[in-house]
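Accompanying notes for the structure given below.
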Amino acid sequence: MKATAIAPANIAFIKYWGKKNRELRLPLNDSISMNLSACLTTTTVDFSKKYKKDEVILLLDSGQVLRSRGSQDRGARMTKYENKENQRVIRHLNLIRKIGKINLLAKVVSTNSFPKSAGIASSASGFAALTVAGCAAAGLRLTEKELTILARLGSGSACRSVPDGFVEWKYGEDSNNSYAYSLYPDNYWDLRDTIVLVSDKAKKTSSNEGMENIWTSPLMEKRLKEIPGRLKKIKLALKEKNFSLLGTTCEEDCFSMHKVANTQKPPIFYWTDKTEKIIEQVKSWRRNGLEVYFTIDAGPNVHLLCESKNEAKVISAVKQFDSKLKYIINKPTQGARIINDS
Ligand code: PMV
């Protein structure tokens, strides 16, 4: 009862920012995203009688091994934050055990293709990989739709990392109707998302916490009214491969989400000075004829969107701006999948 799955992180073109049901992670709006080829989580779940407790192990790129508290093994102890994340993993295992009607304890080993210190949220790829590996290990054969619903219960955006390529998450009136599906496969449109790593510090406010106070922002209602129009524009842009429409709409939605966060009580500012400088650069690159747009999730890192034909130009512009900046180049990619089932 052991299986390994790989799952990508995703970047939202239209963002999920606010829940109408906290426990079920039902969002207030539909969202659309693209899976990221270079930001992958690989997770093995092993249910076995030999385990006397659930154990969660995170292998870091530095070679360090983070183990959940209570483990007898050697290795670095998790921080309080990491331990909290692990409790979420164990809660998710409990859900899988309940559906699969098994009571075996598990060992979960997870590794990210991107450095943990990069400040890229790994909850989407993490919970998508955990769901797919966990269900396979438990002998559950769920449909893709069912897997997206289960992944959503671990982390909202994780449901968008299950289907392939370009994905829509329907907000749904209840849990069974809040699922994700592929709008287009990964090879549909050769886009690039270059993530410029602005800060390697863990963000102070998680997206979960950030979403708690959305209704204290006077701009939230306006945001929700505008979203259907932007969803239509993104769908049209994808259908017609209209990159300017895609890019301008992504920027609008990014500003809208961050303005809500900035005006919540207490306000949340995910951007740093560097983030804003890069946004200014993007605008200036565009004025000079390079078609590149930005979007930013709940953190300071800037996602630069361009078509593949402009990848080299975008990288050279980033290097010219600051040769020390680190970046990760992503293409659209497949969703979560089993890579080894034993
Ligand atoms: O699923 P969470 O709790 O990691 O929330 C993700 C929220 C954003 O990244 C800010 C937007 C999105 O839709 O991915």
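The values are calculated or read from the model by the stated rules, or taken from the named source; none is laboratory data. Note that this is a predicted model, so its numbers are computed, not measured. Here the Cβ positions follow ideal geometry from the backbone for every residue, glycine too, while neighbour counts run over all protein chains shown. In case anyone asks, the SASA skips ligands and DNA or RNA and just uses the protein heavy atoms, side chains included. Shrake-Rupley method; radii C 1.70, N 1.55, O 1.52, S 1.80 Å.
For the pair the range 274-314 and the range 1-27, the centres of their Cα atoms are 25 angstrom apart. For the chain, the solvent-accessible area with a 1.4 angstrom probe is 46 square angstrom per residue. Of Leu191, Leu325, Leu104, the residue with the greatest mean-square motion in the GNM of the chain, using alpha carbon springs below 10 Å, is Leu325. Once the Cα atoms of helix 123-137 and of the chain are each reduced to a long axis, what angle between those two axes, in degrees from 0 to 90 to the nearest 10, is obtained? Roughly 30 degrees, rounded to the nearest 10.
With semi-axes defined as the square roots of five times the eigenvalues of the C-alpha gyration tensor, the equivalent ellipsoid of the range 2-187 measures 26, 19, 15 Å, largest first. Restricting the calculation to Cα atoms, the range 191-330 shows an Rg/Rh of 0.98 when the hydrodynamic-style radius is the Kirkwood one. Packing, taken as the mean count of other beta carbons within 10 Å per residue, orders the peptides 32-41, 290-299, 192-201 from highest to lowest as 32-41, 290-299, 192-201. For Leu105, neighbours were defined as the other residues whose beta-carbon sits under 12 Å from its Cβ, and their charges (Lys and Arg +1, Asp and Glu -1) total +3. With contributions of -39500 (n - 2.57) from each DSSP H run of at least four residues, the per-residue ellipticity at 222 nm computed over the chain stands at -11500 deg cm²/dmol. Helix 273-287 and the longest principal axis of the Cα set of the chain meet at an angle near 50°.
For the range 2-187, averaging the sequence separation of C-alpha pairs within contact (under 8 Å, six or more residues apart) and dividing by the residue count gives a relative contact order of 29 percent. Charged neighbours of Ala38, selected by a Cβ distance under 11 Å, balance to +1 (K, R count +1; D, E count -1).
Most mobile of Ile102, Ile57, Ile329 per a Gaussian network model of the chain (Cα springs, under 10 Å)? In this elastic network of the chain, the residue with the biggest mean-square fluctuation among Ile102, Ile57, Ile329 is Ile102.
P(r) for the range 247-298, from all Cα pairs and a bin width of 10 Å, is 24, 50, 22, 4 %, short bins first. Kirkwood analysis of the chain, using all unique Cα-Cα pairs, places the hydrodynamic radius at 20.4 Å. Across the chain, the relative contact order, built from alpha-carbon pairs under 8 Å that are at least six residues apart, equals 26 percent. Apolar share of the accessible surface for the chain: 50 percent from carbon plus sulfur atoms, 1.4 Å probe.
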